[in-house]
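The values are calculated or read from the model by the stated rules, or taken from the named source; none is laboratory data. These figures come from a predicted structure and were not determined experimentally. No Cβ is skipped: glycine too gets one built from the backbone with ideal geometry, and neighbour counts run over all protein chains shown. In case anyone asks, the SASA skips ligands and DNA or RNA and just uses the protein heavy atoms, side chains included. Shrake-Rupley method; radii C 1.70, N 1.55, O 1.52, S 1.80 Å.
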Amino acid sequence: WASNAPKLSEFNSQIWQDPYLTGKQRKRTKTDLEGVGLGVDYLLGSALSLAYRYGELSIDNDDAGKSLSSRLTPTEIKQLQRGEERHHALLSLTFPLTDNFFLIPGASYTLTNAEGSANNYSSEELNLTAAYQKDSFEAFVEGYLVDAKYDEPNPVFRKKRGDERYGITTGISYLNPFGWNNIKLDLLIGYSRENSNIHFFD
C-alpha cells in the first residue's frame, strides 16, 4: 500500500547544484537514492504490520553554499552538504471494511545522518490509507502529515529549520499484466506541500 510506496518527492532525480546561488543562473545536478528494506505483515495473525527501510542519498557535484564563500567559513559550507543516510521505521494497522476494501492508519519515524550537520533531522509521520484489492488489481489513496525537526542551525539563516509536509497520493497497480509473470505495472499521482519556519525552504 501507500505506506510502503515511496513518496513522490523521492523520485526527484535533479536538484539545484547550489540552491543558495543568486544573481546567476543556477545549474542542476543529479541525485541517486538507493536502499533496502524488510517488513512483516499481519504480525502473529494480528492487524499490525511493521517495516524498516535504510536508504542512502548521494548528490553529484553538491556545491550547496559555495556561492556564499565570502560570508561563510569552509566549515559552515561543509555543514550544508545534502547527501545522507536515512533510517525509516513504520507501523500500520489494517482494518478490512469489506472483503476487498481496507482502511489502514499508520505512523512512522525517520532519522537521518547527513554529510552536512545542518541537514541532520528526525521526522514523525501520520498517514491514513484507503485501499481496494481484487484479483490482480490494487488501488489506494493516502493522506499524510510529516513534522521534521533539524538538529543544528543552518549557517546561512542562523537558526534551526523545522518543516511541516502534507500531501495526498493515489495509485493503481496491476499484477502480471497480459499474462507476464513477476511483472507489476504501477501508476502514482500525488500532491504535496512543504511549509518551513525558514521561508527559503517552502
For the chain, what is the accessible area per residue in Å² when the probe is 1.4 Å?
61 Å²
Restricting to Cα pairs below 8 Å that are 6+ residues apart, what does the relative contact order work out to for the range 74-167? Please round to a whole percent.
24 percent
Per-residue [θ]222 nm for the chain (sum of -39500 (n - 2.57) over DSSP H runs n ≥ 4, rounded to 500):
-500 deg cm²/dmol
Going by average Cβ density within 10 Å per residue, which order do the peptides 35-48, 146-159 take, highest to lowest?
146-159, 35-48
Approximate spin-label separation Y166-E124, in nm, with each point projected 7 Å along Cα-to-Cβ
1.7 nm
Carbon and sulfur atoms: what percent of the 1.4 Å accessible area of the chain do they account for?
55 percent
Which FRET efficiency value, to the nearest 0.05, do you get for K149 and K27 by plugging their Cβ-Cβ distance into 1/(1 + (r/R0)^6) with R0 = 45 Å?
0.90
Relative contact order as a percentage, the chain, C-alpha pairs under 8 Å and 6+ apart, gives 14 percent
Can you tell me the dipole magnitude for the chain around its Cα centre, using point charges on the Cβ only (Lys, Arg +1; Asp, Glu -1), in Debye to the nearest 20?
760 debye
What order do you get for 189-200, 80-91 when each peptide is scored by the mean count of other beta carbon atoms within 10 Å, highest first?
80-91, 189-200
For the range 73-144, build the charge dipole from Cβ charges (+1 Lys, Arg; -1 Asp, Glu) around the Cα centre, then report which of S122, L97, P74 sits farthest towards its positive end.
P74
If R0 is 22 Å, what FRET efficiency do you get for V141 and S58 from their C-beta distance, rounded to 0.05?
0.10
If contacts are Cα pairs under 8 angstrom and at least 6 residues apart, what is the relative contact order of the range 28-133 in percent?
22 percent
Could you pull out the pairs from K30/K160; K66/K160; K24/K66; K30/K66; K66/K159 whose alpha carbons sit more than 23 Å apart here?
K30/K160
Filtered hits (aspartates and glutamates, Cα-Cα < 14 Å from K149, offset >= 8 within chain) -> E124, E125, D163, E164, E194
